[in-house]
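Before any comments, here is the structure.
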Amino acid sequence: MQQVKPEKFNNYEMGVKWELARSLSLTTAVYRLDRTNTRSTDPNDPTRIVQTGTQRTNGFEAGAQGSITRAWKIAGGYAYQDAFVISATTAAHGGAQVAQVPHHMFSVWNNYRLLPRLGAGLGILNRSDMFAAIDNTVTLPSYTRADAAVFFSLTERMRLQANVENVFDKRYFLNADSNTNISPGFPRAVRIGVTAVF
C-alpha cells in the first residue's frame, strides 16, 4: 500500500564565476526549486511521515575562495533561502515556512601562515533562526559559532594540528526531528592530531 506519493523536483538556476585574480575567485547564483508531493516528519509524532503539498524555495548564494595574500587564504560564503508551502495539506497551511531552512547562513574560514612552519585558522559560522517542524510553532534560535586551529609542520610530510570547535562554548540548537525532539550543538571540543603524507 502506498503511504505517500513520490516527490518531484523542478530546479532553475543561474550563476556567475569571476576570477578576481589567479588565486582568488568569486561565485554567485540565484535559483528556484519547486517540489511537489513533499514529505515531512509529523511535528508531534517523529515516527510518522506526512504529506506537505507543494513547496517553493527561492535562493541566492555568493562565495569567495582563494588567497588574499601569500600568507592569507580564505574560503567563505553567504546564502539566502526562502522556502515555503505553495499548496496546503492537512499537515501544512499555504505560506508556511519549510522546517529547518534558515533564511540566512554565513560562513568564513581564514587560514594564515604566521611563520614558514607555523599557521593558524579562524572560522565563523552564523545561521538565522528556523522552525523545527512544518507547523511553524517551535523556533530554533539563531546562533554564531567560532572555530579555530593551529598547525605546525614537523617535517615536509608530517604536520601537528590542534582544532578547537565552538571556541566560546556557545549553547545552540543544531536541528530537530520534531517539535519535541531537538538536538543541541556540540559544546567546546578540542582535537589534537598528527597528519602524515606518504
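This table checks each residue for (1) in contact with a His (Cβ under 9 Å, 6 or more places away or on another chain); (2) in a strand (DSSP E or B); (3) under 18 Å from Asn111 (Cα atoms).
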| position | (1), (2), (3) |
| --- | --- |
| Arg145 | no, yes, yes |
| Ala149 | no, yes, yes |
| Thr155 | no, no, no |
| Leu160 | no, yes, yes |
| Asn163 | no, yes, yes |
| Leu174 | no, yes, no |
| Asp177 | no, yes, no |
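Can you report the number of residues in the stretch 183-198 which are over 17 Å from Arg145 (Cβ atoms) and part of a strand (DSSP E or B)?
Result for the stretch 183-198: 5.
Run Gln65 past the list (1) in contact with a strand residue (DSSP E or B) (Cβ under 8 Å, 6 or more places away or on another chain); (2) open to solvent by less than 70 Å² (accessible area, probe 1.4 Å) and report the number of the one that doesn't hold.
Here Gln65 clears every test but (2).
Determine whether Leu154 is touching a residue at least 40 places away in the same chain (Cβ under 8 Å) and either at positive phi or surrounded by fewer than 14 Cβ atoms within 10 Å (Cβ to Cβ) (or both).
Yes.
Please go through the stretch 37-66 and give me each residue that is at pLDDT below 95, more than 21 Å from His103 (Cα to Cα) and in a strand (DSSP E or B), ordered by number.
Those that are at pLDDT below 95, more than 21 Å from His103 (Cα to Cα) and in a strand (DSSP E or B): Asp42, Asp45, Pro46, Thr47, Arg48, Ile49, Val50, Gln51.
Can you tell me which residue in the stretch 95-113 is nearest to Asp135 (Cα to Cα), limited to those that are free of Cβ contacts under 8 Å to residues at least 40 places away in the same chain and surrounded by fewer than 16 Cβ atoms within 10 Å (Cβ to Cβ)?
Selected residue: Gly95.
The values are calculated or read from the model by the stated rules, or taken from the named source; none is laboratory data. Here the structure is a predicted model, which is why all the values come from computation and not from measurement. Quick reminder, even Gly has a Cβ in these numbers, built from the backbone with ideal geometry, and neighbours come from all protein chains shown. The protein model used for the area step is the full one, side chains on, heavy atoms only, and it has no ligands, DNA or RNA in it. Shrake-Rupley method; radii C 1.70, N 1.55, O 1.52, S 1.80 Å.
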